[in-house]
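Input: a single structure, listed below in structure tokens.
Rule-based calculations on the coordinates, nothing more; no lab input. What you see is a predicted model; the values in this text were computed from it and never measured. Heads up, the Cβs are rebuilt from the backbone with ideal geometry, glycines too, and the neighbour counts pull from every protein chain shown.
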């Protein structure tokens with residue numbers, strides 16, 4: 001079987017030894033780096049890097065971690081000058097992320113193989129749930145009548161004596177929502193595509209989410225039992241999307257399945273184990289337990305209940321744990337089969353009881369030696385959430401974050417009105433990459449910007465760029481809550497120009513008129529020589545005397561000015577709210593007519609460019 005990994009989104013020329021003649025360029029390398037990461041740094045395919053390692057007598061797969069000296073030898077052969085990565089440039093990592101870093105660098109001992117954690121993704125009605133049910137029923141342990149007895153968000157199956165953990169998420173939205181909260185627990189994503197329906201927009205969306213997460217992608221071509229099934233059509237569509245199946249000469253595992261007849265299910269599971277072996281997934285069962293909350297609820301009889309997927313270490317009944325902003329003693333642990341457990345090892349999903357309050361999905365669980373430590377960790381996390389919301393990347397602050405070393409790769413989510421617009425925009429943006437910042441399109445698709453796009457932007461710290469599209473209400477609401485800027489354009493050149501200027505720190509901030517309130521003129525009163533005051537009724541919002549004012553008549557703007565006075569009865573006021581009457585005088589305008597509309601607005605700096 002060939003090695004498994006992500007397909008590069010664009011073909012790359014294999015550098016030749018003669019390229020050494022070009023001027024040396026500095027390339028910062030960490031203490032340990034995977035073959036895939038090194039290939040991305042060099043803008044080469046992973047296969048080319050593997051070939052160069054083989055020439056040096058090193059047999060490595062795409063996910064294998066190599067040390068600094070080995071990586072330095074490879075990049076020197078390509079005309080680069082390797083430098084150790086500065087410690088100050090390292091980003092703060094989560095507890096789980098720090099464990100992964102230690103494992104990659106060989107700093108943690110006692111590592112043993114652990115079961116892979118798998119998420120199924122794909123288009124609605126392509127059979128994700130049916131395939132999960134078929135796997136679950138076909139591998140339920142003897143004596144478990146009816147298979148799984150309760151839903152805890154994850155479960156394990158056993159194949160040839162080896163375990164596989166499946167996250168039972170409803171789709172890529174939940175997958176990305178967890179990543180947005182700092183939790184990345186999936187090792188392998190299975191993209192489910194119906195053989196009779198082919199690759200759909202939601203399929204490509206799911207693929208974009210999996211690629212952005214950097215997980216290995218396998219494909220289950222489902223419903224092959226149907227008379228209209230056309231697996232070759234699906235493989236061609238996958239190839240067009242950058243996933244080339246192994247039997248077509250690529251490195252993506254594609255398995256034909258039928259959840260209805262159970263065809264190919266065992267083959268899919270066996271391939272999963274092979275991919276997991278290549279991924280070299282390991283953990284240390286002897287250390288203090290660390291896991292991630294994948295579901296949480298308040299149970300009427302049991303109190304706060306959290307489903308935790310163990311990442312490292314072994315959790316035992318009686319352990320003291322800090323979970324997000326709460327903590328407690330593990331009073332009991334329950335498996336997906338409803339059985340009481342005394343211990344839970346890496347990659348095991350388990351419900352835990354004993355927390356003070358219900359934690360958040362994505363929170364890290366950590367076993368600690370005493371209550372004092374647990375309480376301090378919970379308080380520390382609470383302070384972090386209150387005082388340190390991650391500053392989102394936008395075009396206005398991009399150059400500042402590049403200079404601060406916070407951005408080495410500019411991720412962009414692209415939405416366009418038609419497919420024909422995507423390629424020229426994508427190509428033009430990717431050509432803006434430099435030695436300092438690589439521009440990467442993490443997802444591109446047609447249609448309006450939605451909530452899923454925004455959550456992917458949160459998880460990937462990406463910009464959202466739209467061309468001749470709108471923003472769905474749900475997407476706008478989440479963007480405002482998460483501080484994500486959405487940039488809408490109707491000219492391709494403007495997109496490229498704005499991103500180019502932002503990379504160079506030359507982009508001027510954009511401002512838009514934000515209406516605060518409107519009022520209808522009901523009457524006109526004289527207020528001195530050649531001055532009139534409008535008697536108004538506030539129909540929406542709130543009027544402020546400090547705001548700018550437009551006078552509208554039959555849709556036409558008669559004046560754009562400011563308020564000189566605002567009164568309610570005989571009292572001077574600063575504001576008038578909806579439903580109130582009052583009087584308003586304007587600077588340089590007296591020709592009020594009953595029925596005119598006064599629109600109070602202010603200019604605000606915004607990330608969304610007007611169309």
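Can you tell me how much longer the chain between residue 247 and residue 515 gets when fully stretched, taken as 0.36 nm per residue apart minus their C-alpha distance, in nm with one decimal? Walk me through the intermediate numbers first.
Details: separation 268, 0.36 × 268 = 96.48 nm, distance 5.88 nm.
Extra length available between residue 247 and residue 515 comes to 90.6 nm.
Describe numerically, in nm with one decimal, the distance between label points set 7 Å from Cα along Cα→Cβ at residue 339 and at residue 548.
Roughly 7.0 nm, to one decimal.
With viscosity set to 1.306 mPa s at 10 °C, what whole-number translational diffusion coefficient in µm²/s follows for region 290-382 from Stokes-Einstein and a Kirkwood radius over Cα pairs?
Working: Rh = 12.7 Å.
Stokes-Einstein gives a translational diffusion coefficient of 126 µm²/s.
Given the convex hull of the Cα atoms of region 452-552, what is a quarter of its surface area in nm²? All intermediate terms of the calculation are to be shown ahead of the outcome.
Working: hull surface 41.6 nm².
Directional mean of the projected Cα hull area for region 452-552 stands at 10.4 nm².
For the residue pair residue 569 and residue 587, what label-to-label distance in nm results when each label sits 7 Å from Cα along the Cα-to-beta-carbon direction?
The two pseudo-label positions are separated by 3.0 nm.
Work out how much length residue 603 to residue 329 would gain on full extension: take 0.36 nm times their residue separation and subtract the Cα-Cα distance, in nm to one decimal.
Numbers: separation 274, 0.36 × 274 = 98.64 nm, distance 5.27 nm.
Gain on stretching residue 603 to residue 329: 93.4 nm.
So, in nm, how far is label residue 430 from label residue 298 when the simple model puts each one 7 Å beyond its Cα toward the Cβ?
5.0 nm
Taking R0 as 60 Å, what FRET efficiency do you get between residue 529 and residue 480 from their Cβ-Cβ distance, rounded to the nearest 0.05?
Given R0 = 60 Å and the Cβ-Cβ separation, E is 0.80.
State, in angstrom, two size descriptors of region 512-606 derived from its alpha carbons: Rg to one decimal place and Dmax to the nearest whole number.
12.2, 41
Would you please give the FRET efficiency between residue 68 and residue 277, computed as 1/(1 + (r/R0)^6) with r the Cβ-Cβ distance and R0 = 25 Å, to the nearest 0.05? Don't skip to the answer; put the middle values down first.
Numbers: r = 26 Å, r/R0 = 1.04.
In this case the efficiency is close to 0.45.
Evaluate the Debye formula for region 398-508 with equal point scatterers sitting on the alpha carbons, no solvent, and hand back log10 of I(q)/I(0) at q = 0.10, 0.11, 0.22, 0.24 Å⁻¹, in q order, two decimals.
-0.26, -0.32, -1.28, -1.46
If you rank 580, 600, 589 by fewest surrounding Cβ atoms within 10 Å, what's the result? Can you show the working numbers first?
On the way: 580 15, 600 26, 589 19.
Ordered by Cβ neighbours within 10 Å, fewest first: 580, 589, 600.
Expected output is a single nm value to one decimal: the length gained when fully extending between residue 236 and residue 468, i.e. 0.36 nm times separation in residues minus the C-alpha distance. What is it? It would help to have the intermediate numbers written out before the result.
Numbers: separation 232, 0.36 × 232 = 83.52 nm, distance 2.89 nm.
Once the chain is fully extended between residue 236 and residue 468, it gains 80.6 nm.
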